[in-house]
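> Starting off with a structure, shown below.
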Amino acid sequence: MPLPRLRLVALAAGAALLLTPLAPAGAAEPGSLDALAAAQGRRFGTAVDDAGLADPAYTTVAAREFGRVTPANAMKWDAVEPRQGAFSFARGDALVDFARAHGQQVRGHTLVWHSQLPGWVAALPAAQVRGAMENHIAQVAGHWKGKIHTWDVVNEPFNDDGTFRTTSPFYAAMGEDYIAYAFRAARAADPDAKLYLNDYNTEGSGAKADAMYRLASRLKAQGVPLDGVGFQVHLATQYGFPYGMQANLQRFADLGLDVAITELDVRMPLPVDAAKTAVQNDYYRRAVEACLGVTRCESVTVWDFTDKYSWVPSAFPGQGSAALYDEQYRPKAAYDAVRQALGGSTTPPDTRAPSAPTGLTATAAGATSATLAWQAATDDTGVTGYDVYRDGARVGSAAATSYTDTGLSPSTAYRWTVRARDAAGNVSAASAEATATTAAGGGGGPGLVVQHRVNDQSATDNQIKPGLRLVNRGGAAADLSRVTLRYWFTGDGGSSAFSAWCDYAAVGCGAVREKVVALPAGRPGADHYLEVSFASGSLAAGASTGEIQLRVNKADWSAFTEADDHSYRVASSYADAPKVTAYVDGVLVHGIEP
Ligand code: XIL
């Protein structure tokens, strides 16, 4: 278990700073939006809907970038009390559990609202609405008591012209007083939660903002437990940026209230284009800057962070692309604009390690080498390579998903693991271990290596012309009469009768025998091999046979396709060839068979 991360929390009431350990850690990962906001004493949050919680790609980003979450729907009246007195908290509980597991705060949304309100409330006799409302608040805020940082107690009390929504069942039954009753009931049910009024189109100056300002002033004057005012800030590129947003937020703060941006998004008429995107980036940036410009603006919350779950396309047909991330969770330019506004670099430092490689297999390739293969690892910025460990020590690296480990001892068991790397140098956990035991040496076998080069110009003509060299890297002389070599290839149709030739050998073609052998069953990259053996002789430790130039053709001189042959290498100079095999007394001592 990692140590709990220390998070810097600015106290709303003053300049004092506290270091509070938060466990378990999860949100405010270094470089995240929330970490940038935290460095300025704020929180950065997001709305989260039920579908997102079930989507691992979603929860990864939600947990990494955000320090506070607001249920998009799960705590609304129709979700928690669909029938009078019948409460269901499961959806909200799931959100609270997620937040707790990732060290995040929860913004409760919302206790009293005219929308997403089950029909039974409006159908009550007017005299029963207050009781139903106060019971709803007592049950709901009571259920999550101590787990909610902030409640939107009353949502959207105003019409756009600044008059009260008189059609709300609550206003219809109690007039404006419903608001004070609701706040008092909320304070009684959860004394530690911050209690907010919340509305849209109140962020810029205008009649609706003035109405909210007068309401907040009255509630304060009456001693109603109001802690803050939330501004939804649902913006659109086809409209202007709200006029005087920072000054407007500031006048609420000057009443002794906290303020917050609670539902930020910036939609645009589709299709997306560069001009609209530029406006969107600008609006996101200015909204965040307006909050940062007001000391008591304590958080910015986006109304979901990905277009995949944004409410915009269904609420505003023909509009969309409102969120910071696209539907594939790729951060958009707006994300960079927000990061910049928060004082961060646009590219967060890459701190995430790749996944561990899986499916590692090890196959002994004779007495002195082994071939490893594994499944590609994944990484958010891309895997750049793999490190191979033998018996715990790093022995080499590979750009792709295979590796040939050489210089091994015969008859020895080895263990390998592989780790993936990314460009920032983050290293994955080790893969599961793979083991293999090298073949026995013999006849001076340990250390025999075959080298190869291509001697013909065309891989599609009617002859195969491998050049081979047998090198003895062992400490003892090898008895050549016990050694055979195999070059593996496919006949590619035509005649099944083959001729094999030695065109030149440093040891003399008379000392070399060559023949083509058909396999009983085809293997990947081979249905035949060219076998080379030696009449006699001894290959001293450290010595090489020198070049043996070989040639194969079919009786009908039809063409070969060599590129897919197991032993084929595109190389005009000699190098160790693990796919050309060598044997001592018929036991594989070098290379890997198809
Ligand atoms: C929206 C949700 O995101 C949608 O899923 C739902 O269908 C309608 O409500 N102002 C608010 C939020 O206070 O509760 C609204 O959420 C968006 C506007």
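The values are calculated or read from the model by the stated rules, or taken from the named source; none is laboratory data. Please read these numbers as outputs of a predicted model, since none were measured by experiment. Glycine gets a Cβ as well: all are built from the backbone with ideal geometry, and neighbour counts include every protein chain shown. Ligands, DNA and RNA are excluded from the accessible area calculation, which covers all protein heavy atoms including side chains. Shrake-Rupley method; radii C 1.70, N 1.55, O 1.52, S 1.80 Å.
> How far is it, in nm, from the label point at Ala521 to the one at Thr412 when both lie 7 Å from their Cα along the line to the Cβ?
Distance between the two pseudo-spin positions: 3.4 nm.
> Suppose R0 equals 22 Å. What FRET efficiency, 1/(1 + (r/R0)^6) with r the Cβ-Cβ distance, do Asp391 and Ala423 give to the nearest 0.05?
0.20
> Which lysines, if any, have their Cα less than 22 Å from the Cα of Lys308, not counting same-chain residues under 8 positions apart?
The reachable lysines, counting only those whose Cα sits under 22 Å from Lys308, are Lys76, Lys276, Lys332.
> Would you kindly state how much longer the chain becomes between Ala476 and Leu270 on full extension, computed as 0.36 nm times their sequence separation minus their alpha carbon distance, in nm to one decimal?
Going from the current span to full extension adds 66.5 nm.
> Further, regarding this structure: How much of the accessible area of the chain, in percent, comes from carbon and sulfur atoms when a 1.4 Å probe is used?
Here carbon and sulfur together make up 52 percent of the probe-accessible area.
> Oh, and also: List the residues of region 212-251 whose backbone N lies under 19 Å from a point placed 7 Å from the Cα of Glu289 along the Cα-to-Cβ direction.
Zone members listed by number: 233-251.
> Taking a probe of 1.4 Å, how large is the accessible area per residue of region 234-333, in Å²?
In whole numbers, region 234-333 has 39 Å² accessible per residue.
> While we're here: Counting heavy atoms of the protein chains only and a 1.4 Å probe, report the per residue accessible area for region 368-492 as a whole number of Å².
Details: 5080 Å² over 125 residues.
Value for region 368-492: 41 Å² per residue.
> Just to confirm my numbers, what's the Cα centroid distance between region 470-545 and region 321-392 in Å?
43
> Please sort 138-150, 78-90, 302-314 by packing, taking for each peptide the average over its residues of neighbouring beta carbons within 10 angstrom, highest first.
The packing order, highest mean first, is 302-314, 138-150, 78-90.
> Hey, another quick one. What size of dipole, in debye to the nearest 20, comes out for region 413-531 about its Cα centre when the only charges are +1 on Lys and Arg C-beta atoms and -1 on Asp and Glu C-beta atoms?
So the dipole magnitude of region 413-531 works out to roughly 400 debye.
> Where does each of 122-135, 225-238 land if you order them by average Cβ count within 10 Å, highest first?
225-238, 122-135
> Apply 1/(1 + (r/R0)^6) to the Cβ-Cβ distance of Ala54 and Ala563, taking R0 = 41 Å, and write down the FRET efficiency to the nearest 0.05.
Computed FRET efficiency for Ala54 and Ala563: 0.30.
> Could you give the length gained on full extension between Arg214 and Ser533, defined as 0.36 nm per residue of separation minus the Cα-Cα distance, in nm?
104.8 nm
> As a test, work out the antiparallel percent of DSSP beta bridges whose residues both lie in the chain, rounded to the nearest 5.
Numbers: 81 of 115 bridges.
In the chain, approximately 70 percent of DSSP beta bridges are antiparallel ones.
> If each residue of separation counts as 0.36 nm, what is the full-extension length gain between Gln375 and Ala278 once their alpha-carbon separation is subtracted?
Using 0.36 nm per residue and subtracting the Cα-Cα distance, I get 30.8 nm.
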